[in-house]
Structure formats: C-alpha cells, structure tokens
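Student: Okay, here's the structure, questions in a sec.
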Amino acid sequence: MTHSSADWESYAKNTFSAFIRAHYFFTVWRNYLLLLHGLEIPSGTLLEIGSSTGQNSLRLAKRYKLTPTLVDTSKLALALANRLFRQAEIYPNLIHQDVLNLSLNGYFDFVHSHGLLEHFKKQAQKIAFRNHSKFVRPGGWLICWVPTPDMFYRLNRWYLKNTKQWIFGYEKPLSHHDFITLFQHEGLYIRKIRHFSGWLGIAGQKPASISN
C-alpha cells in the first residue's frame, strides 16, 4: 500500500491513551455530529474503511442503530476494536484487508473513513475512493474526512515532524476542489460539506436509482 511506511500499529495503541480518546470524543466525534446534523441517516449497516480501533464507528453504531463492519490492514487495531466494541455489547464484523484490494459481500447503508485517502498518491487514491463508493447501497451515505492544508494542519504537521512524533508516513492533504471531484466522479450527490480546523468532511449520497 502507498501508506505502508506509516506505523499504524503504534497509532492503534495510542488511540487507547486518555489524550487521544478525549480528542476522538471532543473533536472528531463533534465534527461528525456537526456534519451529519439535519441529514436523514437510516438504521441499517455500517462500513468503516481504515477503521483502526473503530471509535468513530462505535459511536455511530450506537447513535444510528447501525450494524458495524470494520476493515483495516492492522490485525492489532482490529483486535483492539473487537475488545472495545464487546465492552459495549456490540459485535462487529472484522475484516483484515487493504482498501486497494477490497473484496466484500454486499452493500452498506453508511460507509465512512476518517484520515485515510490522504495517504495515497493520485491513481491509488482514485482506486481507494472507488472502493468506498462501490459498497454504498443505492440511497446510502458515504462520509469521508481528510486533512486540508490550512494553517492549523501545517502547524500541527510541523510540530509533529520537528518533535519526531510523525508516524503517518506519506500524507498529502486534499484541497476543497480535489476532494469534491472524487465524489463527483463517482456520481454521488454532495449533501453537505464542513471545514473544521485542519479537516474537511463531505457527506455524499448515492442516487437511489443507480444500481451497484
């Protein structure tokens, strides 16, 4: 994979630290809620691609009554996710696969990823995004978050690199235009766009009349 130089095992372990869990709750989850506010999200099935420990999906599953499937390349991340979900008495389907070679049975009402697409170069990024879109059920939702090159992102990246805490390998933040273009090329209706400090989120919906 293009982002194989990233240390996703360390990242998965770090997501259980008090600081990162607080970040997920007060920042990442808040951003999800603001993006999804006012949208009609049906209960049904959820797929997260590049899930790591699945903390976003756990909250989504609870809020919208979604049955979760998590896909990641890290076996450790999936094992930690399994432990986290079972503590909440939710039993996810865990799949150890690469987004560039994704093979799944069926389609999902809600597909999402957070901080994944920016780790791929151009052609691989198109394949990765296509492998998000093709598993969305007609009428279903695709939610993606990517870093965007604003001042907050640049300062945070500079700090992590200069303090030798950068573990994310290749990463190129996406512009507004490039991110929107990915959705448009897949024929998805863009229902909502939100830009928060360092991050850009898009909620897209697959036309109900188009079959997979």
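Student: Filtering the stretch 81-103 down to residues that are in contact with a Lys or Arg (Cβ under 9 Å, 6 or more places away or on another chain) and surrounded by fewer than 21 Cβ atoms within 10 Å (Cβ to Cβ), which residue is nearest to K206 (Cα to Cα)? First the steps, then the outcome.
Tutor: Here is the first cut: in the stretch 81-103, the residues in contact with a Lys or Arg (Cβ under 9 Å, 6 or more places away or on another chain) are 88, 90, 92, 96, 102.
Next cut, surrounded by fewer than 21 Cβ atoms within 10 Å (Cβ to Cβ) only: 88, 90, 96, 102.
Values: A88: 31, I90: 27, H96: 26, L102: 19 Å.
Per the stated criteria, the residue is L102.
Student: Let me ask something additional. For the stretch 81-101, which positions are in contact with a strand residue (DSSP E or B) (Cβ under 7 Å, 6 or more places away or on another chain) and touching a residue at least 40 places away in the same chain (Cβ under 8 Å)?
Tutor: Within the stretch 81-101, V99 is the sole residue that qualifies.
Student: Would you please name the residue that is surrounded by the fewest Cβ atoms within 10 Å (Cβ to Cβ), looking only at residues in the stretch 1-32 that are among the aliphatic types (A, V, I, L, M) and touching a residue at least 60 places away in the same chain (Cβ under 8 Å)?
Tutor: Within the stretch 1-32, the match that is surrounded by the fewest Cβ atoms within 10 Å (Cβ to Cβ) is M1.
Student: In this structure, is V111 of a type in the set (A, V, I, L, M, F, W, C), at pLDDT below 95 and under 18 Å from I143 (Cα atoms)? Walk me through it before giving the result.
Tutor: Values: of a type in the set (A, V, I, L, M, F, W, C): yes; at pLDDT below 95: no; under 18 Å from I143 (Cα atoms): yes.
The answer is no for V111.
Student: So if I check each of I193, I143, I180, which one is under 17 Å from the mean Cα position of the chain (by Cα), farther than 18 Å from W8 by Cβ and surrounded by fewer than 16 Cβ atoms within 10 Å (Cβ to Cβ)?
Tutor: I193
Student: Additional query: What tally of residues in the stretch 168-197 results from selecting those that are farther than 23 Å from W29 by Cβ and in a strand (DSSP E or B)?
Tutor: 1
Student: Please verify whether the stretch 198-211 includes one or more residues that are part of a strand (DSSP E or B), in contact (Cβ under 8 Å) with a residue 12 or more places away in the chain and exposed (fewer than 14 other Cβ atoms within 10 Å of the Cβ). Give the steps one after another, and end with the answer.
Tutor: Quick first cut of the stretch 198-211, residues part of a strand (DSSP E or B) only: 199-205.
If we keep only those that are in contact (Cβ under 8 Å) with a residue 12 or more places away in the chain too, we end up with 199-205.
Right, trim to exposed (fewer than 14 other Cβ atoms within 10 Å of the Cβ) and you get none.
Scanning the stretch 198-211, I find no residue that is part of a strand (DSSP E or B), in contact (Cβ under 8 Å) with a residue 12 or more places away in the chain and exposed (fewer than 14 other Cβ atoms within 10 Å of the Cβ), so the answer is no.
Student: Within the stretch 33-67, count every residue that is buried (at least 21 other Cβ atoms within 10 Å of the Cβ) and either free of Cβ contacts under 8 Å to residues at least 12 places away in the same chain or within 13 Å of the chain's Cα centre (by Cα) (or both).
Tutor: Looking only at that region, the number is 14.
Student: Could you grab me the full set of residues in the stretch 12-49 that are part of a loop (DSSP other than H, G, I, E, B) and not hydrophobic (A, V, I, L, M, F, W, C)?
Tutor: The initial filter retains those residues of the stretch 12-49 that are part of a loop (DSSP other than H, G, I, E, B), namely 15-17, 37-43.
Within the stretch 12-49, T15, S17, H37, G38, E40, P42, S43 qualify.
Student: Follow-up question, since we're still on this one. Applying the selection to the stretch 108-136, what residues are farther than 23 Å from R157 by Cβ, in contact (Cβ under 8 Å) with a residue 24 or more places away in the chain and surrounded by fewer than 18 Cβ atoms within 10 Å (Cβ to Cβ)?
Tutor: K126, I127, R130, K134
The values are calculated or read from the model by the stated rules, or taken from the named source; none is laboratory data. As the structure is a prediction and not an experimental result, all values here were calculated from the model. Note that each Cβ is placed from the backbone with ideal geometry, even for glycine, and that neighbours are counted across all protein chains shown.
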